[in-house]
Every structure is written in C-alpha cells, then in structure tokens.
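Asks: Have a look at the structure that comes next, please.
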Amino acid sequence: MFGLDYSWLADPAYQQWLLTGVINTLKLAALSSSAAILIGLLGALGLTLRIFWLDALIELFVEVFRNTPPLLQMLFAYFTLSTLGLKVTDPSTGLSVPLLSAFACASISLSLFGGALAIETFRSGIESMPRSIIEAARSLGYGRWARFWRIEAPIATRICLPGLTNILTNLFKTTSQASVITVPELMYYAGQIYNDTFRTLEMMILLLFIYVVLVSIITFAMARLEAFMAFPGYGKGH
Amino acid sequence: MSFPLSYEDKKRAVLLLIVAVVLAWVGIDAASGGAEHWQRVFARLPLLLTGSGSGWPVEGGFALNILLSIASMALATLIGLILGLSTLARSAIIRLPALAVMNFLRNSPWLVLLFAMLYILPFEMRIFGVSVSFPPFVKAVIGLALPTGANLSEVIRGAVQSIHSGQWEAARSLGYTTGQIYRYVIMPQALRRMIPGWMNLYALLMIATALATVTGIQDVLTILSTSLAMESERVIVYFYLTILFLFFAYCYPIAVFARRLERAVKGDNL
C-alpha cells in the first residue's frame, strides 16, 4: 500500500534492535519519571514550609530548567559528567572510562528537567486547594497531621493528576532526545535501522506509530486512574 | 523597600545573592586561569549569535533560532486555528479527524516529528505547477510548527469553551449565524484568554528550536558542535554555559510575562 516496503521488519536483527530500543526507552522513562515525581514532591513540600531562602533556591531551579532546552541540558550533563567528569580505570584494559554512562547522564538530566516541571505542577495543585476546606477541617477539630493526611493530601492528589499526566507524557517524549548523546533507545536504533535499510519513510512512520501508542497507553492509564480516584466535586467527579 | 523585609523581598534578596555568588564564582574562576577560556568564548560570541565570525551578515547561530521560532509560530498559529476550530465543529465528519490528528501530533515526540519531516518532505515539490523547494530550514519550520499547532489548538479550544454558554444562547437568539457568533461574540473574548497560552507555547517552541540542529541548519547548537570542535574540552563547558544562558535570557521574560497575563485574565468569567 502506498508503495511502502516493510519487508525489513521480518529481519530478526532489526526486530531485536527495535525491542531493545523500546525497552531502553521504557527504562529511561520509568527511571526519570519516578525521580522527577520524587523531586517534585520534595520541592513542593519545601515550598509549603515557607522558608524564604529555600523558596528562592527552588524557584531558581524551576526557572532555569524550564527555560532552557532539555536537549542542551542533556548535552551539558553528558559533557560535564561523562567526558570531563569522574573517570575510573578499567582494570581489565587499563583505559580510563567515564564513571557515568550516557544512559546515566540522560536519566540524571531528564530527572532534573521533569522534576522542575513536577514541582511547578504540585505547587499549583496545593495552591488551588480551596482555603475553606482547610478552615472547615480545622473547625471540625482536625490536627495538623490528620488534616494533611486525611483531607489535604487526598484532594491535592486528585487536583494534580491531570498535570502529572502532562509531565509523564512530556518526559516520555523527551527521552527520544537522549539518542543525541548516544543512549541506545528507540530513536537511536531507528536511526541505525534506516541507515542500514534506507527505508527512512517507513521507519519514521513506524517510529511515530510506536511513540503515539506508548504515550497513549500512559494517557489512558492515567485517565483510568483519575476516574478510579474521582470523588464528587473534584476533577473527573464533576 | 521597608524594614523589616517582607517575605517576597527576602526571597528576592536571596536570588540576588545567588546571582552575586555566581558572578563572584565567574570572577574567581577568571582570575584563576579561566580568563582565557572566557576570552575564547567572547571571541566566538558573534559566531554563536549570528553565525558569522564578525557578526554580520546574519547567517545562523542564535539569531537563526529566533527566526526559526517566529516562522514556526506563525505557521503553528495557522495550523492551531484551523485544527482548534475543527475540533469544535458540530459535525462529526470534521471533528473526529481533527481530534485524531491533534492527538497524534500531541502524542509524538518533537524530535521524531522533526526527523520525520526531514525525511518525508521531498527536496522539491510541484504544487499546482509551481515548484516549491524545501530547504532544511523550511523542513524545520514545518516540523516544529506541527506539534506546536496541535498544542495551540488545545489552547484555542479551551479558550473558546471557557466562554460562558449564555453568550452563545444570547447571540443565537439575536439571529446571528455560527460564523457571525465566532467572529463578533466569541473570538474577541476568547482571544484575550488565548494570549497567555500562546505566549507560553512560543517560549516552549523557542526552547525546542535547539532540536533543529538535527536538520543540519546552522543554528547555535550546530555551530557549537561543528565550528567549535577544535576548542579544548574544558572551554566547551564555558560555551555550553553561555548558550544555556542565551536561551534562558530569551525565554524567561516571555514566560514570566505570560504567567502574569494568565493571572490577570484568570477569573474574568463573564
């Protein structure tokens, strides 16, 4: 159909490459997403403490990572951490090799980038909590901790979920940029394959298809989670 | 400024302090041998900014990134308007394909779309007998405009849907047609709410222009990786820092202004 030739897909070597690429992409995304959520939680928690210097530091971190290209951040991390950074001498060959691989550098920089986005999302989630709810809880005699665990946290989680979906999909899509610093993920292997077969158009269509499917799975799962957690008055429960 | 300092003032003071520390660090670093590194950066700054060693004529560099972002944003605005209004159409024949296209574009990575445009678009195409050529720059513009347009269509859809339904009913009862309602009632109000989202997207797009280095146009990152390959490894760090700062200095004010506008527009629910 349309003169597209997908016969190369039958080659087990290419299948293996694609599979490895998908697995590495998933690994990178999972690692950096969980780290990003952790950074986001810590950052947002730090902001609620209202310590002015901590507030300033977190704000600076968020603004710097939000307003510079992730690709450049990744290249910078790769360059400073891997090329110039810590080196260890490989005992078997005697060569000095970087302590941090390209994969490690990519996950570190993606975690920081995603973390900056997550801080912002969680902060706005906490901020958009209606004050009247906190006052109502206080008037019912809830203590600080009980109020946080039983009222604020459950509501904030639901408010933050759509934003979290955005972060996760954004981060997943950004993992494709790790191919630029030679992380063997999906995009990287795709390049290898079309350099081999010259079937660029076919590979690109397949690649877009794979990414759209993977991202759609995330979006779908998050939508299900939102529906599952919904309660009247918040998010999907409207 | 009044004493005791308010929370915001204290925060600003800390930020100033951080900037001062960074400047001091740069100064100390320059004094302890970093000065020659910085001199190399300064000598190459015109090259990074305009793509030509003397600063004129503009051949690429950061100026090309800005140009690319403006051209892409113009195209993305067009795409976003068409796509956004199509997703609002009442007829399913228009709405469903538009939704499918929008979701497809939104769910695919920018880099992959850019690569796809690079390889899918031919060098030259004959449209109605006129041959249109697609140099890498045009391919980059299209590749970046597609995802931005899809995101913009969501902004437009959100803004239009945020207009109170009473406006629709009132306009319809006055005998306006759908086109007239959009033109005279909805759009003038929705436009105001779109502007912050539009500006945010522009900042995002500017950041994404760094990806255009894969198309081989002489943007700031390409220049860094090709023309400056002969610089020593340590100097390259200074170059990276400079370019990171360039992007930050360009995008941060836009993002801040967009957020301020957003806050101003928020809450004027008619």
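The values are calculated or read from the model by the stated rules, or taken from the named source; none is laboratory data. Predicted model only: the values in this text are computed from it and were never measured. All Cβ positions, even for glycine, are placed from backbone atoms using ideal geometry, and neighbour counts span all protein chains on display. Surface areas here come from the heavy atoms of the whole protein model, side chains and all, with no ligands, DNA or RNA. Shrake-Rupley method; radii C 1.70, N 1.55, O 1.52, S 1.80 Å.
Asks: Under 12 Å from the 7 Å Cα→Cβ point of B:Thr177, by amide nitrogen: which residues of segment B:76-112?
Replies: none
Asks: Provide the net charge surrounding B:Arg40, with neighbours chosen by a C-beta distance below 13 Å and charges set as Lys +1, Arg +1, Asp -1, Glu -1.
Replies: -1
Asks: Accessible area, 1.4 Å probe, largest first: how do A:Ser176, A:Ser96 sort?
Replies: In descending accessible area the options line up as A:Ser96, A:Ser176.
Asks: In segment B:5-24, which residues become less accessible by 20 Å² or more once every protein chain is in place, relative to the chain on its own, using a 1.4 Å probe?
Replies: Those residues are B:Tyr7, B:Lys10, B:Lys11, B:Val14, B:Leu15, B:Ile18.
Asks: Right, something else. Counting other C-beta atoms within 10 Å, and keeping those with at most 14, which DSSP coil chymotrypsin sites (Phe, Trp or Tyr not before Pro) do you find in segment A:133-238?
Replies: Filter output for segment A:133-238: A:Phe198.
Asks: At a 1.4 Å probe radius, carbon and sulfur cover how many percent of the accessible area of the protein assembly as shown?
Replies: Answer for the protein assembly as shown is 68 percent, counting heavy atoms of protein chains only.
Asks: Name the trypsin sites (Lys or Arg not before Pro) in segment B:85-126 that are in a loop by DSSP and that have at most 14 other C-beta atoms within 10 Å, would you?
Replies: Answer by residue number: B:Arg90.
Asks: When only Cα pairs under 8 Å and 6 or more residues apart are kept, what is the percent relative contact order across segment B:48-172?
Replies: Once normalised by length, the contact order is 32 percent.
Asks: Let me ask something additional. Could you please put B:Ser69, A:Ser34 in sequence from largest to smallest accessible area, using a 1.4 Å probe?
Replies: The most accessible residue leads, giving A:Ser34, B:Ser69.
Asks: Continuing with the same structure: In degrees, nearest 10, range 0 to 90: what is the angle between the Cα axis of helix B:35-50 and the longest Cα principal axis of chain B?
Replies: 30
Asks: So, taking all protein chains as they sit and a 1.4 Å probe, how much accessible area belongs to B:Leu96, in Å² rounded to tens?
Replies: Number for this one is 100 Å².
Asks: Ok, one more. To the nearest 10 degrees, how steep is helix B:7-29 against the longest Cα principal axis of chain B, on a 0 to 90 scale?
Replies: Between helix and principal axis, roughly 40 degrees.
Asks: Where does the longest stretch of chain B lie that holds no chymotrypsin sites (Phe, Trp or Tyr not before Pro) found in a DSSP loop with 14 or fewer other Cβ atoms within 10 Å?
Replies: Of all site-free stretches, the longest is B:129-270.
Asks: Still on this structure, please answer the following. Please say if the protein assembly as shown is rounded, prolate or oblate, where rounded means a/c under 1.5 for a ≥ b ≥ c the square roots of the C-alpha gyration tensor eigenvalues, and otherwise the choice is prolate for a/b larger than b/c and oblate otherwise?
Replies: Judged from the Cα gyration tensor, the protein assembly as shown comes out rounded (a/c under 1.5).
Asks: For A:Lys87, which sequence-distant residues (separation of 5 or more, or a different chain) have an amide H within less than 5 Å of its own amide H, given hydrogens modelled in the peptide plane?
Replies: A:Leu99
Asks: What is the interface area between chains A and B, defined as buried accessible area summed over both chains with a 1.4 Å probe, reported in Å² to the nearest 100?
Replies: 3900
Asks: Take the alpha carbon gyration tensor of chain A, find the square roots of its eigenvalues, order them as a ≥ b ≥ c, and report rounded if a/c is under 1.5; if not, report prolate when a/b exceeds b/c, else oblate.
Replies: Verdict is oblate for chain A.
Asks: Take the Cα of A:Val64, step 7 Å along the line toward its Cβ, and report every residue of segment B:27-44 whose backbone nitrogen sits under 12 Å from that point.
Replies: none
Asks: Note down the relative contact order for chain B as a percent, whole number, built from C-alpha pairs under 8 angstrom at least six residues apart.
Replies: 23
Asks: Right, here's the next one. Just to verify a number: FRET efficiency for A:Thr48 and A:Ile217, C-beta to C-beta distance, R0 = 45 Å, to 0.05?
Replies: Once the sixth-power term is evaluated, E becomes 0.85.
Asks: Need the full-extension length gain, B:Ile127 to B:Gln161, defined as separation in residues times 0.36 nm minus the C-alpha distance. One decimal, nm.
Replies: Separation in residues times 0.36 nm, less the Cα-Cα distance, equals 8.6 nm.
Asks: Which whole-Hz ³J(HN,Hα) couplings does segment B:221-226 yield from phi under the Karplus relation 6.51 cos²θ - 1.76 cosθ + 1.60, θ = phi - 60°, glycine and proline marked x?
Replies: 6, 5, 4, 4, 7, 9
Asks: Report relative contact order for segment B:123-270 in percent, whole number only (criteria: Cα-Cα under 8 Å, sequence separation at least 6).
Replies: 28 percent.
Asks: Could you tell me the accessible area of A:Ile218 in Å² (1.4 Å probe, neighbours in place), rounded to the nearest ten?
Replies: Rounded to the nearest 10, that gives 40 Å².
Asks: Mind giving me the nanometre distance, one decimal, between the label points for A:Phe231 and A:Ser34, set 7 Å out from Cα along Cα→Cβ?
Replies: 2.8
Asks: Classify chain B: rounded, prolate or oblate, from the alpha-carbon gyration tensor (a ≥ b ≥ c, eigenvalue square roots; a/c under 1.5 rounded; otherwise prolate if a/b is larger than b/c)?
Replies: oblate
Asks: A drop of at least 50 square angstrom in accessible area, chain alone versus all protein chains together, probe 1.4 Å. Which residues of segment A:168-200 meet that?
Replies: Residues meeting the cut-off: A:Lys173, A:Met187.
Asks: Sticking with this structure for a sec: Determine the sum of side-chain charges near A:Thr83: Lys and Arg each +1, Asp and Glu each -1, restricted to other residues whose C-beta is under 14 angstrom from that of A:Thr83.
Replies: 0
Asks: Let me ask you something else. Are there trypsin sites (Lys or Arg not before Pro) in segment A:45-129 that DSSP puts in a loop and that have at most 14 other Cβ atoms within 10 Å, and which ones?
Replies: A:Arg50
Asks: Nearest 10 degrees, 0 to 90: what angle lies between the long axis of helix B:233-265 and the longest principal axis of chain B (Cα atoms)?
Replies: Helix B:233-265 sits at roughly 30 degrees to that axis.
Asks: When all protein chains stay in place, what accessible area (Å², nearest 10, 1.4 Å probe) is found for B:His164?
Replies: Looks like 110 Å² after rounding.
Asks: What does the charge count near A:Gly40 come to, summing +1 for each Lys or Arg and -1 for each Asp or Glu among other residues with Cβ under 13 Å from its Cβ?
Replies: It works out to a net charge of +1.
Asks: Mind listing the phi-derived Karplus ³J(HN,Hα) values for segment A:133-138, rounded to whole Hz, using 6.51, -1.76 and 1.60 with θ = phi - 60°, and x for any glycine or proline?
Replies: 5, 5, 5, 4, 4, 5
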